[in-house]
Every structure is written in structure tokens, then in C-alpha cells.
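Asks: One structure, pasted below without further comment.
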Protein chains: 2
Amino acid sequence: MATGRTHRPATRSRGIPEATVARLPLYLRALTALSERSVPTVSSEELAAAAGVNSAKLRKDFSYLGSYGTRGVGYDVEYLVYQISRELGLTQDWPVVIVGIGNLGAALANYGGFASRGFRVAALIDADPAMAGKPVAGIAVQHTDELEHIIEDNGVSIGVIATPAGAAQQVCDRLVAAGVTSILNFAPTVLTVPDGVDVRKVDLSIELQILAFHEQRKAGDDGAAAPAPAARAVAEAAAVAPADDRKGPDGDVPAVMPA
Amino acid sequence: MATGRTHRPATRSRGIPEATVARLPLYLRALTALSERSVPTVSSEELAAAAGVNSAKLRKDFSYLGSYGTRGVGYDVEYLVYQISRELGLTQDWPVVIVGIGNLGAALANYGGFASRGFRVAALIDADPAMAGKPVAGIAVQHTDELEHIIEDNGVSIGVIATPAGAAQQVCDRLVAAGVTSILNFAPTVLTVPDGVDVRKVDLSIELQILAFHEQRKAGDDGAAAPAPAARAVAEAAAVAPADDRKGPDGDVPAVMPA
DNA sequence: AAATGTGAACTCATTCACAGCG
DNA sequence: CGCTGTGAATGAGTTCACATTT
């Protein structure tokens, strides 16, 4: 194919699978709890239970980091805490800015998990001039005008967007232009960013909709006990396109068509 | 042992892949925007761009729902909005309770996306007696004692946990015992639930740690651009420690928890 | 001509099962 | 023995590419 310049095929590189990376914080949290209880070592079985995964997966995950366990014994808790922290980049102190200090932004600023390990709230930024100077979680809110300034002065590379959806892309563009290369987006919108910038998104309504999908399925599945079906069908929707003769998945779906 | 199950039970009914389910809300949002602009039809290419995925994936996703497009033309926006809404269970009105009305809980209660489509905040619940009766987002907070009551009276099957980590499992157990079968967990802890109960988790610090991992990687790879290096190495005796004794790389890591 | 719908190929992730080491 | 570490087997998800339909 000759895609010009892929990445390195890396015969033996640091290729940690994305799915594994996403679980490392989970392991780290479980290990930290063990560490606080002064537990010296832990088996893959125990740690997996604490992290809510199965032990084969956990061992495979750790195998990408190296051989940090002792056969017949398990893993040294302190040592693993350090190795995972290092792998995740938490032996550095990452300055973070939060943009959009509404209800959510304020909640995030107050979130204890920030300072606890690896992250530091470098600034809170809001577009409302009335907010400027007001302290939230002990930090004075600064106006959006200062954004580029703040990013550069503090060497910020991670930004959190907690603005309304309408402002998110614009804020994102400014963050990126100022040097931010990782963004955590709480606004319910798709962000477009240049190559090399990472975006992760947290979206309440998406999560709820996924739950609703499975919930709906449970009701029809039957089988044994249908606990609390609840959810009254709402009138809505009756005004749907006049059904031509579309095909359902197979045959046709039960009822619920617009009457 | 019994690790908290979260994954799909592989119902033998109509098997829509989990990854597809997770994208349906994204498509729905993009379609709703088009609908508001009175756009009648849309191609897979256009819709995919709006949702931030590629078009082959989108077409494959839709193929699990049925044949809702027209070759040579595209998809009817209104019709697709309805089909996806129905598939996600949003033609019902799901009552939801939020437990833990701190900063985060209040932010969630105020989140507009709730009422907008398919969900209704049935109650806000908090363990602090001083909160009882206080209105948040126009709804009076109720005390935890009322929890079982509220769940049953309202036929609630979806619960949102926004308590401190220490209280989350206990709240979860009570929700489940009262009939809740889907839980959205904002507390930074692994919940253990019986089979048949779905849990999804939203965790700020995990997301940040994943970003930090990739951010760290960017620094070392390419030498050309290197925009904003930032992140000062924090006090950290580089001594990787050949294991064994020693307290640990850092002091403590308090359990992170939302206010 | 245009764009869907889908088998087939491919890539990524999980699970199995056991060899190998302390 | 007990438990890790890992190839091999299986499964899930994505992408390709094109026959098919309007």
C-alpha cells in the first residue's frame, strides 16, 4: 500500500493495546487501595476481582508492560503501583485547564481526584465576565480572553471542555491553537481536531441511552421475573414518516409502529 | 469470583453488536440536528461525517436495524430518527433517580439533556438530612430513607449514582434490591451487581489518565513539531527501586471522590 | 449515476490452557 | 505446589470492495 509514513511497525516496541491502556487506571486504583492497607503482594486472581475483570485478561495486560510478577507468589503491590504510574505518565504533574465553569465545570473543579495524582488544575476559564475573579474550588476563575496566555505560561497540554455544546468547537480550536494536544470533552457535540490531538468524550445522555436500550430489551425478554417495567409509553412519535413498506431486520418487528 | 458483570448476556434475540448500540445515540443526535434544519434526506457519507465516524461503519451499523435507506438517494431523516429512537427505547419515558446531590449530582440534575428526550428525573436523593426538602433544578431533594419507596412508586429502573466512592456500593445494593436494573455510576469505584443488572461507569480520573498516557508518548516520539512540552517532572526519586522493601514512590493516594 | 447493503478479509481483543518458573 | 506469562484459539469489530437497487 505504501501509505507513505505509517508509524513504526515496531518489532518489539511499546505497543500497548488501547484496551489495555484503558484498564490500567482501574488496576492502579485497586492497587492503591491495597497499598493503603499495606498489603504487600497480590495474585492476579485477587487483583482482577478487585478491578472487576478476569484474571487472564489482567495477566495479559501486565505482560505488555513487562514481567513484573513472581511465579508462585503474585505481584508486589508497591512495585506495580510505581510501574503502572510511570507507564501512564503519572510520575509527571500535568497541568490541566477547565473551560466552562457552570454547574458541571464547578463540579469537576471540586473533584478530589484531580490533585490526588498526576494532575493539577492550572486554571478555570469562563466566557462570562461576571464570573471572572470569583473563586471556585479555591481558584479564581479567569476570562476566556486569557486562554492562550494561560496555556502558554503554564505549559498546559490537557484541556477539559465543560461549556455548552454551541461553544465547544470554538473553545477546542483555541485550545489546540495554543498548544493543547489532549482534550476531555463533556459537551454533547462531536469535536473536530487536527491529527495528533487526542479527544475523549464523556456524555451523560449517550450513557443513559445505552442503558435504556438494554433496559428495553429486558422487558421483552421475559424468562422469569419482570421486576419494574415501569416506563410509560409516551404519546410522542406518532408523527413519523408515513411508512412505505420498509423492511425490518428480518420479517418484521413487533407492533410499536406509529398508529 | 463474582466480578461485577457489565457485559452483554448475549441475548439470543436480535443481536445488535454492543459497539453499534454505543454509536446509535451519536447518529441520533446528528439526525436530530438535521431534522431541526428540515433536511429531508442524508447520505451515509454526510451523516457519518456529522457523527464523526466513517461511512462504511455507519452503513453496517444501520444494516443491523434493517434496510432503512434508499439506494441512490440516502436515508430519510425523520424516519431514521424514529427508528433509532425506537430501537434505543426512547419512545418510552424512563423515570430516573439521581442519588448523591453534591456538586456533581446537582450538575447532573440541571443537565438539560435529561428531559429533552426519553428521560425524566423522578427524584433526587441524598443522605444528608439537611438537604431534604431543598430544591435542586426545581425538584425537592428527598432523604435516602425514602429510596425504596420512590423506586417502587415511580417504577424506576434506571439509577444514577453520584455519591462519594465509599457510599456507592451500598447505594447500589439498595437500588438493585428495590428493582433498579440499570445503573450509571459516577463514583470512582467498581460496583458489584447481580446478573441481569447493567452498570455503566463514568470516571473523570480514568479518562484523564488515558489522555496522560498518550500525551506522554507524544513527547518522546517525534522531534519535529513538539508544541508545548510542559508537564514538569514532579519530585520523584528516579530510583526505580529494585523492588523489595521501601515504602513507595510517593506517599499516599487518597480515594478520589466527588464532593 | 449514485448510494445502499453486505459477504469476505482483516485487525484488534478476549479467553483458553498449559508450559515454565519460583 | 501455586501462580505467572504466553502462544494458540476464538470472538468481536472494522474496513474493503462491489453487486444490487432505485
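Nothing in this text is a laboratory measurement; each read-out follows from the coordinates by a stated rule. Everything numeric here is computed off the predicted structure, so don't read it as measured data. We place every Cβ from the backbone using ideal geometry, glycine too, and count neighbours over all the protein chains shown.
Asks: Compute the label-point distances linking B:Asp145 to its equivalents in the other copies; points lie 7 Å from Cα along Cα→Cβ; give nm, one decimal, shortest first.
Replies: Distances between equivalent label points, in nm: 5.3.
Asks: For A:Ala132, place a label point 7 Å out from Cα along the Cα→Cβ vector, do the same in each other copy, and report the separations in nm, one decimal, smallest first.
Replies: The answer, with the shortest distance listed first, is 4.5 nm.
Asks: What ³J(HN,Hα) values, in whole Hz, does the Karplus curve 6.51 cos²θ - 1.76 cosθ + 1.60 give for segment B:83-98 when θ = phi - 60°, with x put for Gly and Pro?
Replies: Result, rounded to whole Hz: 4, 5, 4, 5, 4, 7, x, 8, 8, 9, 10, 8, x, 10, 10, 10.
Asks: Relative contact order of segment B:18-87, please, whole-number percent, based on alpha carbon pairs below 8 angstrom and at least 6 residues apart.
Replies: That works out to 40 percent.
Asks: Moving to a separate point now. Can you give the relative contact order of segment B:94-204 as a percent, counting alpha carbon pairs under 8 Å and 6+ residues apart? Don't jump to the answer; show the numbers that get you there.
Replies: Values: 215 pairs, mean separation 27.3, N = 111.
25 percent.
Asks: Whole angstrom only: what separates the Cα centroid of segment B:143-222 from the Cα centroid of segment A:87-151?
Replies: That distance is 24 Å.
Asks: Could you tell me the calculated FRET efficiency between B:Lys60 and A:Thr192, based on Cβ-Cβ distance and R0 = 25 angstrom, to the nearest 0.05?
Replies: The value I calculate is 0.65.
Asks: Could you point to the residue in B:Ala30, B:Gly69, B:Ala19 farthest towards the positive end of segment B:18-87's charge dipole, with +1 and -1 charges on the Cβ of Lys/Arg and Asp/Glu respectively?
Replies: So the residue furthest toward the plus end is B:Ala19.
Asks: So, with +1 on the Cβ of K and R and -1 on the Cβ of D and E, and no other charges, what is the size of the charge dipole of segment B:18-87 about its Cα centre, to the nearest 20 debye?
Replies: 140 debye
Asks: Once you have a ≥ b ≥ c as the square roots of the Cα gyration tensor eigenvalues for segment B:94-204, tell me rounded if a/c is under 1.5, and otherwise prolate or oblate according to whether a/b is larger than b/c.
Replies: rounded
Asks: Per residue of A:108-120, what is the mean number of Cβ atoms on other protein chains within 10 angstrom of that residue's Cβ?
Replies: Mean partner shielding for this stretch: 6.
Asks: First check a/c for segment A:18-87, with a ≥ b ≥ c the square roots of the eigenvalues of its C-alpha gyration tensor; if it is under 1.5, answer rounded, and if not, answer prolate when a/b is larger than b/c or oblate otherwise.
Replies: Judged from the Cα gyration tensor, segment A:18-87 comes out rounded (a/c under 1.5).
Asks: List the distances, in nm and shortest first, from the label point of A:Gly72 to the matching label points in every other copy, placing each point 7 Å from Cα along the Cα-to-Cβ direction.
Replies: 7.5
Asks: Shifting gears a bit: Sort A:Val96, A:Val21 so that the residue with the fewest other Cβ atoms within 10 Å of its own Cβ comes first and the one with the most comes last.
Replies: Values: A:Val96 24, A:Val21 18.
With the fewest neighbours first, A:Val96, A:Val21 line up as A:Val21, A:Val96.
Asks: What pairs from A:Lys57/B:Lys201; A:Lys60/A:Lys218; A:Lys218/B:Lys201 go past 29 Å between their alpha carbons?
Replies: Values: A:Lys57/B:Lys201 19 Å; A:Lys60/A:Lys218 33 Å; A:Lys218/B:Lys201 20 Å.
Check vs 29 Å cut-off fails for A:Lys60/A:Lys218.
Asks: Can you compute the charge dipole magnitude of segment B:1-140 about its Cα centre, using +1 on each Lys and Arg Cβ and -1 on each Asp and Glu Cβ, nothing else charged? Give it in debye, rounded to the nearest 20.
Replies: Around 420 debye, computed over segment B:1-140.
Asks: Please get the size of the charge dipole for segment B:94-204, origin at its Cα centre, with Cβ charges of +1 on Lys and Arg and -1 on Asp and Glu, quoted in debye to the nearest 20. Can you show the working numbers first?
Replies: Values: 6 positive and 11 negative charges, 89 e Å.
Rounded to the nearest 20 debye, it is 420 debye.
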